[in-house]
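The values are calculated or read from the model by the stated rules, or taken from the named source; none is laboratory data. Since this is a predicted model, take the numbers as computed values, not measurements. Neighbour counts run over all protein chains shown; Cβ positions are idealised from the backbone, glycine included.
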Amino acid sequence: MKKIFLFLAIASLAVTSCRKDDDNTNTTETVSIETQNSYDDAAITQFLKDNYFDARGNIVAFSSTITTDDNEKPLADYSPIKLSSGVVYISRYVPANGKTIASNDVLRIMQKSNTYVAVKATDGTIKFDSQYSFRNTIDASGSPEVDPAYFYVKNSILTSDTYKDKTRSYFEIEGLQEGLKYFKSTEVSDDANYNMQGVIIVPSRAAFARDSHFAYSSYTFKDRSFVFSFQIYKTSTRTAAQD
């Protein structure tokens, strides 16, 4: 019975994976780690200028062809906080009955999150490019994702025959874990309307950098930064049976 549950757990991790990382067809010019880190920081700064929150906290890019967003406030005006790791977060509101998020909690997360590569354009500007959807529960199921391994991977996975040679960093996005320490869960039911509570921007060095990682999608996340626009619906303390 335990083997059946373990198989199901591993299968759920791989549900969105189409092929291994090195089968990815997208390519970006590789620069030094130091240069990539500087690109990430500059691209985050530009991203904060180029985007705003809509009424429900979704991130929207300013348009150069319409005027309806002229009075919107850029993300940069929401007092973003940059951590020593390079992670940047913005809190839109603090939930009245929220709970502190523990490092191994079971999360129920509603989100519309993307991943990008920071590059230098031909005109010398540095910005995020090659947008790829990492998770979008709003336009997909409409329900929060439950217990994602990129926040906390179960010990039963790490000790399985398939992944026993892997560490937590193969699965988990450290910058997301770090950013969520500054948020609380909103403690709403799964069928509640969403109201994004903020954004966490994770530079590639605080994500997977150039290390091997679990194939969460058909794309490799080498040098990719992540922008998590999210709401933590609920948290629960992980039990031994859930680990």
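Data for the structure
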quantity	calculated
Members of the range 113-154 found to be farther than 26 Å from Arg168 by Cα and of a type in the set (A, V, I, L, M, F, W, C), listed by number	Val119, Ala121, Ile126, Phe128, Ile138, Ala140
Any hit, the range 70-84, residues being surrounded by 11 or more Cβ atoms within 10 Å (Cβ to Cβ) and either within 22 Å of Thr235 (Cα to Cα) or among the acidic types (Asp, Glu) (or both)	yes
Test set (1) touching a residue at least 24 places away in the same chain (Cβ under 8 Å); (2) in contact with a helix residue (DSSP H, G or I) (Cβ under 8 Å, 6 or more places away or on another chain) - Arg168 fails condition number	(1)
Inter-residue pairs, beta-carbon under 6 Å, first under 17 Å from Gly124 (Cβ atoms) and in the range 40-55, second among the polar types (S, T, N, Q) and at pLDDT 95 or above, 6+ apart	Asp40/Ser204; Asp40/Ser225
All positions within the range 56-72 that are at pLDDT 95 or above and over 23 Å from Glu178 (Cα atoms)	Arg56, Val60
Members of the range 226-243 that are in contact with a strand residue (DSSP E or B) (Cβ under 6 Å, 6 or more places away or on another chain), among the aliphatic types (A, V, I, L, M) and more than 12 Å from Glu145 (Cβ to Cβ)	Val227
Of all residues in the range 184-203 being under 11 Å from the mean Cα position of the chain (by Cα) and outside any loop (DSSP other than H, G, I, E, B), the one that is farthest from Phe53 (Cα to Cα)	Val202
Selection within the range 141-166 - more than 27 Å from Lys112 (Cα to Cα) and assigned to a loop (DSSP other than H, G, I, E, B)	Thr159, Ser160, Asp161, Thr162, Tyr163, Lys164, Asp165, Lys166
Residues located in the range 159-177, provided they are buried (at least 18 other Cβ atoms within 10 Å of the Cβ) and more than 11 Å from the chain's Cα centre (by Cα)	Phe171
Filter pass, Ala140 being surrounded by fewer than 15 Cβ atoms within 10 Å (Cβ to Cβ), at pLDDT below 95 and more than 18 Å from the chain's Cα centre (by Cα)	no
Per-region count, the range 217-243, residues in a loop (DSSP other than H, G, I, E, B) and more than 24 Å from Lys127 (Cα to Cα)	4
Qualifying position, being in contact with a helix residue (DSSP H, G or I) (Cβ under 6 Å, 6 or more places away or on another chain) and in a strand (DSSP E or B), among Lys112, Lys127	Lys127
Total residues in the range 86-107, condition under 30 Å from Ala240 (Cβ atoms) and within 14 Å of the chain's Cα centre (by Cα)	1
